[in-house]
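Beneath this line is the structure, given in structure tokens, with notes to follow.
The values are calculated or read from the model by the stated rules, or taken from the named source; none is laboratory data. All values derive from a computational prediction rather than experimental measurement. Because the Cβ atoms are built from the backbone with ideal geometry, glycine has one as well, and the counts that use them run over all protein chains shown. Quick note on the areas: whole protein, heavy atoms, side chains included, nothing else; ligands and nucleic acids left out. Shrake-Rupley method; radii C 1.70, N 1.55, O 1.52, S 1.80 Å.
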Amino acid sequence: MKRLVAIGFMLIVALSGWSKVHIPDSVMHSDGLYVDNMKIYSDSAIFQGINLKLDIFNTIFYLAKSKADFQTYEIALNARLKNRFYPTLELGYAQGALGSNAAIWNGHGGWTTVGLDINGLRKHRESQDALLVGVRVGTAVQQYDLTQVPVNDDYWQTTPSTAFYKQFHNDWWGEVVAGCQVHVYSGLMMGWYLRFKMLFTRKTTSEAPIPYFIPGFGYRDYTQWGINYYIGWKF
Amino acid sequence: MGIALLCSCQPDTVCRETMQVGVIGQLKETYYDTDMQSHVRTAWDSLTVQGIDSDSLLYNNSKSVSQVLLPIRSDMDTTSYAMTYCGCTDTLSIVHNNEQRFVSVECGCVYEHAIRQVLYTRHWIDTVTIASNEVLRGGGVNIYFIREAPIE
């Protein structure tokens, strides 16, 4: 596990460093300026392209942590508006089994978040890099089984545990995010996000067992932290 | 390592809720002093209780017991106990419904019950009255053991 984290960290440092030393090639074509084969939009253009990003950190992290019992996948799509505003749509899917001291969650579900990031870097026509802060609203729907749920029966000990099958649950949360994305070469980019998440659906009036894991949010708690490391492509 | 900690934030799974569920019984014993004045005693001065079909005692010659908590079987609809007081043993049988209730992820489930009927022998017990037939988590008194102590 430590080795995996160390390799991931070195990858981040190495690839970020590479992006800094790379000197872009600027070429003027008939339809505008291109840097590393990427079109550079004029400052007056509102729409300046789309970024499609794939989160690799959580996929690898959860695969390693759960010994391949749990998988999570996430893609993000954001549009560049005036190289300042980045309306963002993120989609994810998780499936597998995760244990806790109290029970075992086995389920699958999808989530989506929508929000807006603002690029804090000074506008530069040829720069594709961005330092981002933003907010998100997220929702997840899941189907799950909760098994080995303990039953309080210390004296008779007739039913040590019970299980709930094919349960459905929907959760909502909000996020504050901060991160960056850097241009590497041609359309290739990478970046990371640090996320602070606040669960809105803390209480439930339902008497059904609520899942202790929420795809896209993490373990059910009032707040949760998250991190993404993306690779992506600019269009 | 910090990244790993961030992404593995798992809330603590310690249960902090009251999870005890059982029939709560209280004594109402009328006794007379030397002037033949009647008084009501609400605590057993020595009580032994064991669930029938169980090897362990719930109360073992316990002193000054103001209330008994009688856990109910979730796998059957009748739960019986042997209750020894003043050197006499009575059998108390509670006929009940069982309903599973999920409390929380940390605490798991409990069974709550509804008392349908109470059956008992009458060695030291005169009467058992039902105060509340709902046996809930954190509930109140369900049954009273009514007894009139012999005049000494």
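How many Lys pairs in the range A:47-234 lie less than 19 angstrom apart by Cα atoms, where the lysines are 8 or more positions apart or on different chains? Total qualifying Lys-Lys pairs in the range A:47-234 comes to 4.
Of the listed residues B:Cys86, A:Cys180, B:Cys109, the order by accessible area with a 1.4 Å probe, largest first, is B:Cys86, A:Cys180, B:Cys109. In the full protein context, chain B carries 52 Å² of accessible surface per residue, based on a 1.4 Å probe and ignoring ligands, DNA and RNA. Using a 1.4 Å probe over protein heavy atoms, the accessible area lost on pairing A with B, summed over both chains, comes to approximately 2900 Å². Using the Cβ-Cβ distance between B:Thr30 and B:Leu69 with R0 set to 35 Å, the FRET efficiency works out to roughly 0.90. Residues A:Arg84, B:Arg73, sorted by accessible area with the largest first, give A:Arg84, B:Arg73 [1.4 Å probe; ligands and nucleic acids excluded]. Estimated at the nearest 10 Å², the accessible area of A:Ile75 is 80 Å² with a 1.4 Å probe.
The largest accessible area among A:Glu90, B:Glu99 belongs to the first residue in B:Glu99, A:Glu90, and the rest follow in falling order (1.4 Å probe, all chains). Ligands, DNA and RNA excluded, the heavy atoms of A:Phe200 present near 120 Å² of accessible surface to a 1.4 Å solvent probe. Computed from the Cβ-Cβ distance with R0 of 45 Å, the FRET efficiency linking A:Lys203 to A:Leu121 stands at 0.65. Across peptide A:155-161, the mean count of Cβ atoms from other chains lying within 10 Å of each residue's own Cβ comes to 6. Each principal axis of the range A:47-234 carries a Cα extent, and these read 74, 33, 21 Å when sorted largest first.
With a 10 Å cut-off around each Cβ of A:57-69, the average count of Cβ atoms from other chains is 1.
Only protein heavy atoms count here; on that basis, with a 1.4 Å probe, A:His169 has an accessible area of about 30 Å². Close amide H contacts of B:Ile24 (hydrogens built in the peptide plane, cut-off under 5 Å, sequence separation of 5 or more or a different chain): B:Leu70, B:Asn142, B:Ile143. Which part of the range B:60-90 falls in the paramagnetic zone of B:Thr18, meaning amide N under 18 Å from the point 7 Å along Cα-to-beta-carbon? Counting only backbone N, you get B:66-72.
In sequence order, the range B:26-40 has phi-based couplings of 9, 8, 10, 10, 8, 9, 10, 8, 5, 8, 6, 7, 8, 9, 10 Hz under the Karplus curve 6.51 cos²θ - 1.76 cosθ + 1.60, θ = phi - 60°, and Gly or Pro positions carry x.
To put it simply, the accessible area of chain B at a 1.4 Å probe is 45 percent carbon and sulfur. Peptide B:94-102 has a mean of 2 when you count, residue by residue, the C-beta atoms of other protein chains within 10 Å of its C-beta.
The magnitude of the dipole of the range A:194-235, with charges of +1 and -1 set on the Cβ of Lys/Arg and Asp/Glu and taken from the Cα centre, is near 180 debye.
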